[in-house]
Amino acid sequence: MDEHNPYHAPAARIAAAMPDEALPIEPAGRWRRLFNLLIDYVGHSIFSIVLSIPYVLYVYLEGGEAAVTRLEEPDLLRDYAIGLASMLVYCILMEGFFGFTLGKLITGTRVVTEAGVKPGWGQVVGRTFARLIPFEPFSLLFSSHRQLRGWHDSLPKTYVVRKR
């Protein structure tokens, strides 16, 4: 009787979440990785400037011109903390939501898991914090050409692969 009811819900099964299409694990070359780094440096700098505008406005509204003058004075700890926080936010948000940063978008590369799909938030956070390991950028220089992975790739079990 229900099978002829036009208002009855369909009985077809729908997959809860279709996984993204897996990309083949073809590591991006050293030059692409270098361009990713350089482009992301510019993207991170712009991101930092945009984020600091509300902070400077807040300081100005709270403390006036004298407070803004104090911001212009060098403060290594403050500047390092702001730079570190903005780098963490930039990398985590971009790779977490999209699987790429500005540099990876321009060079046609993506961050993927060992299965070739977009990484989870835990892996993205792991990648980002692994970048803070001293001498970590040199780990890419000494990795094999076939399996080009830095510590920030190998520790969270991710790859940077060519998408195009």
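The values are calculated or read from the model by the stated rules, or taken from the named source; none is laboratory data. These numbers come from a predicted model, not from an experiment. Please note: Cβ atoms are built from the backbone with ideal geometry, for glycine as well, and neighbour counts cover all protein chains shown. Each accessible area value is taken on the protein alone, full model and side chains, heavy atoms only, with ligands, DNA and RNA left out. Shrake-Rupley method; radii C 1.70, N 1.55, O 1.52, S 1.80 Å.
Side notes on the structure shown:
- Any hit, segment 142-152, residues being hydrophobic (A, V, I, L, M, F, W, C), assigned to a helix (DSSP H, G or I) and in contact with an Asp or Glu (Cβ under 6 Å, 6 or more places away or on another chain): yes
- Within segment 114-129, the residues that satisfy the criterion of being without any contact (Cβ under 8 Å) to a residue 60 or more places away in the chain and open to solvent by 20 Å² or more (accessible area, probe 1.4 Å) are Gly120, Trp121, Gly122, Gln123, Val125, Gly126, Phe129.
- Answer residue from segment 130-140, given it is over 17 Å from Arg110 (Cα atoms), touching a residue at least 12 places away in the same chain (Cβ under 8 Å) and part of a helix (DSSP H, G or I) and is most open to solvent (accessible area, probe 1.4 Å) among those: Pro137
One line per residue, one yes/no per condition, for (1) in contact with a Gly (Cβ under 7 Å, 6 or more places away or on another chain); (2) within 21 Å of Val161 (Cβ to Cβ):
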site: Ile39; (1), (2): yes, yes
site: Ser48; (1), (2): yes, no
site: Val56; (1), (2): no, no
site: Leu61; (1), (2): no, no
site: Pro74; (1), (2): no, no
site: Ile92; (1), (2): no, yes
site: Arg110; (1), (2): yes, yes
